[in-house]
Every structure is written in structure tokens, then in C-alpha cells.
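S.K.: Structure incoming, see below.
Nothing in this text is a laboratory measurement; each read-out follows from the coordinates by a stated rule. The shown structure was predicted, so the numbers you read here are calculated from the model rather than taken from an experiment. FYI the Cβ positions are ideal-geometry reconstructions off the backbone, even for glycines, and counts take in every protein chain you see.
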Amino acid sequence: MGKVVVVTGANSGIGLALCQRLLAEDESIHLCLACRNLQKAEAARASLLTAHPDAHLSTVRLDVSSLDSVLGAARDLKLRFQRLDFLYLNAGVMPNPKLNTKALLSSFFSRDLFHVVSTADGLLTQEDGITADGLQEVFATNVFGHFVLIRELEPLLCRPESPSRLVWTSSNNARRSNFSLADVQHSRGREPYSSSKYVTDLLSVALNRNLNAQGLYSSVTCPGIVLTNLTYGILPPFIWTVLMPILWLLRFFVNSYTLTPFNGAEALVWLFQQAPESVNPLTKYHSSTSGLGRNYVTPRKMDVEGEAAEELYQQLLDLERCLRAQRHDRGPD
Ligand SMILES: NC(=O)c1ccc[n+]([C@@H]2O[C@H](COP(=O)([O-])OP(=O)(O)OC[C@H]3O[C@@H](n4cnc5c(N)ncnc54)[C@H](OP(=O)(O)O)[C@@H]3O)[C@@H](O)[C@H]2O)c1
């Protein structure tokens, strides 16, 4: 059997494009689409089968914002597979985004223009929610559910004789200034998305420190700015269409305007082709598209420190212990 690859959030956007590109790369893989909505997962599976009728495709129900769902999906995966070669941690949300148009307009007259338009630094706030487990929704979805999934799947992932890989979909919007070890869930701030993506970057560093010896390697990617359901939550599709000529022009100056899910998946596919030892654990791999539409990968050093990564890791382990104890006390459902 070929490599076993699981992709979370595989039914749309970058996750679906990643699946299409991985099958074009290697049709022998077994690809499992891990999605919260099984109908959407089946529709994605059917569309992939149209182009690759002999592909080995399966689906698993996974809502990363729910501990019960994560534990159920992990149980299911452990029954089906002996090993996992790649786990793409891609599902993510940005609920109720608000664009600060004043800040955007004033950036046009500042020296930071290219930084602001390529990272959305200071432009986006979100209204977070609370999950049924009592966690901040953005943190639970973008990070913590994935963390528990990795912990549960360790028997399939940690095999020193044959390394396995984790690949996170982070963001240019991951900023140290929006993160605090005193509030890792970002319950007190207004930029939970940026914080959650910074947590992703730190967590990947910690996972490498703790699990490389057991054969598990973690990498971080940024897909660039891609038009998907997530970005359509910031501005409606017709506005993006109107802005398209400007976005195409911006590409000549800023390589992060990848725009299509296919281009956005570039770094995620590139990592599939690399040997784990050749990938730098402190680097974020960015999907990039040139003004003439050429796709390539840009490595950039992450703004992270080993000590903070380790402290975050311990906090996530504590939180996991605490939620498992609460679940145990609650008894069987
Ligand atoms: N688009 C960009 O410009 C951009 C830039 C940087 C990073 N990213 C990251 O790229 C990743 C993919 O996003 P996208 O842009 O492709 O947007 P998208 O099309 O909205 O895809 C997000 C995927 O995550 C799934 N998802 C959301 N909440 C989930 C949950 N609780 N459990 C399981 N799956 C869940 C969605 O499922 P449903 O269809 O059921 O909602 C969907 O499949 C995200 O991590 C995002 O933060 C995107």
C-alpha cells in the first residue's frame, strides 16, 4: 500500500486543492478526508474520483472543535490504519471577521504598505465563540483539536524506523504580538485568529523538540492570500472580483497573493516531496506566486523561541489532562 495521508478540512479551499495535487503527485497514496460534515466530504471525494477514478479515498467525520469528535475520529483511524505517513492539520476558522478599513486606507500612505497588505497586520479582528467543551472556538478549532488528534494518533505516527510528518496550515497573520503565554486561548483579545496561528508555529517547534526522536517531524506552511470560503467571510466574493486587477498587480511586488487554492497549496505539496531531515523546524514555508503566475516556495525564519514553545506545550498537555478528567467524571454519554 502507498503512503497514508490524512487531511483535515479537506472538503473545500486549500484542503481540497491539496488533495487534488497530492493525487496528481502520487496516485498510490491512500487519502483520507477528515471533515466535520460527511455530506461535504463525500461530495469532495466524488469530485476527486472524477479526475482519479482508481484513487484510494476514504472519509472520516472529524469536528476539530469538539473533544468527543476528535477522540471518535482517532479511534476510527486507529481501527483502519496501522500507520499514518502524513497528517495535514489544515482545518481552520476565522469567525465574524471585521476589516478595519480605516487602518487599510491609512496603510496606503505609509511605508508599511507592503507589510500590511501581505500580512493583514492590524487589519482584522474577530468575535470568538465558546465551544461545548468550554474552550475559545478559534483556539479549539485551529490548534487544540489538532493537538489532541496528534496525541491520540501517536501510535500510528511515532515510528522511528519510518518517520511520519505533520504539516500545519499557518498564516502570514501569525503574530507574536497577538499571543500571550498568560492567555494562550486569546480569551481577552480581539485577534484570536492571529494568536491561534502563532500558537501553531510555536507548537510545531515544541512537537519537533519532543517527538523527533520518536520519528515524528512537524512543519509549518503559509498558503498566502487565497480566495476561499474563509476570505469570503472578510469581504463578499463580488468585492474580491472587483479588486482582482489590483490583486494581480500587487503580485509583482508581494509574492503572497497566491489567490487560487491550487497556488496556495504549493508549500504543502512541496513538503510532501521533501525528506524530513532536510526541512528546517524553525522555518515557515510560504506558498508564493510571482507577477507572471509562477508558483514557488519561500522559506522564512519564524519569530519563535524554544522556551516559549516548551511552556506552551506543557500548558496544552495540562489542558488536555483537565478536559479528559472532566469527561471521565461526566461518565459515558
Ligand atoms: N484563505 C487564506 O487566505 C488563508 C491564509 C492563511 C491561512 N489559511 C488557512 O488555510 C486553512 C484552510 O482554509 P481555507 O482558506 O481553505 O478556507 P475554507 O475553504 O473555509 O476551508 C476551511 C476548512 O476547514 C474546515 N473546518 C472548519 N471548522 C472545522 C471544524 N471545527 N472541524 C473540522 N473542519 C473544520 C471547513 O469545513 P466546512 O466546509 O464544514 O466549514 C473547511 O473544510 C485554514 O487553516 C486557514 O486558517 C487560509
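S.K.: So how do M94, M1 line up by other beta-carbon neighbours within 10 Å, fewest first? Spell out each step's value before the answer.
M.R.: On the way: M94 22, M1 10.
Fewest-to-most ranking of M94, M1: M1, M94.
S.K.: Quick one: putting +1 on the C-beta of Lys and Arg, -1 on the C-beta of Asp and Glu, what dipole do you get for region 74-163 around its Cα centre, in Debye to the nearest 20?
M.R.: With Lys and Arg at +1 and Asp and Glu at -1, about 160 debye.
S.K.: Mind checking the dipole of the chain: about its Cα centre, +1 per Lys or Arg Cβ, -1 per Asp or Glu Cβ, Debye to the nearest 20? Could the numbers behind the result be given before it?
M.R.: On the way: 31 positive and 32 negative charges, 102 e Å.
Dipole of the chain, to the nearest 20 debye: 500 debye.
S.K.: Based solely on C-alpha atoms, express the radius of gyration and the Dmax of region 168-267 in angstrom.
M.R.: Looking at region 168-267, its Cα Rg and Dmax stand at 16.1, 50 Å.
S.K.: Can you pull out the chymotrypsin sites (Phe, Trp or Tyr not before Pro) in region 226-333 whose DSSP state is coil and whose Cβ has at most 13 other Cβ atoms within 10 Å? Intermediate results must be reported in sequence, preceding the final value.
M.R.: Working: sites: Y232, F238, W240, W248, F252, F253, Y257, F262, W270, F272, Y285, Y296, Y313; in loops: F252, F253, Y257.
Answer by residue number: F252, F253.
S.K.: Okay, next question. Would you mind putting 99-105, 191-197 in packing order, based on average other-beta-carbon counts within 10 Å, highest first? Show your work: numbers first, answer last.
M.R.: Numbers: 99-105: 12.0, 191-197: 28.0.
The most tightly packed comes first, giving 191-197, 99-105.
S.K.: Can you tell me which of 20-31, 160-171 comes out highest on packing, and rank the rest after it, using the mean Cβ neighbours within 10 Å?
M.R.: Listed from highest to lowest mean packing, they are 160-171, 20-31.
S.K.: Checking the table K40/K284; K40/K102; K40/K301 against a 32 Å threshold on Cα-Cα, which pairs fail?
M.R.: The pairs that break the limit, which is 32 Å between Cα atoms, are K40/K102; K40/K301.
S.K.: Name the residue, out of V205, V138, V93, whose mean-square fluctuation peaks in a Gaussian network model built on the chain with Cα pairs under 10 Å.
M.R.: V93
S.K.: Ignoring solvent entirely, what values of log10 I(q)/I(0) come out of the Debye formula for the chain at 0.11 Å⁻¹ when each Cα is a single scatterer?
M.R.: Computed log10 I(q)/I(0) values: -0.68.
S.K.: D76 to L247: FRET efficiency via 1/(1 + (r/R0)^6), r the Cβ-Cβ distance, R0 41 Å, to the nearest 0.05? Spell out each step's value before the answer.
M.R.: Details: r = 40 Å, r/R0 = 0.98.
Plugging the Cβ-Cβ distance into 1/(1 + (r/R0)^6) gives 0.55.
S.K.: Rounded, prolate or oblate: which one fits region 249-295, using the alpha carbon gyration tensor with axes a ≥ b ≥ c (rounded when a/c is under 1.5, else prolate when a/b beats b/c, else oblate)?
M.R.: Values: a/c = 3.03, a/b = 2.05, b/c = 1.48.
Judged from the Cα gyration tensor, region 249-295 comes out prolate (a/c at least 1.5, a/b above b/c).
S.K.: Straight distance only, please: which lysines reach the Cα of K3 with their own Cα at less than 21 Å, same-chain residues fewer than 8 apart left out?
M.R.: K78
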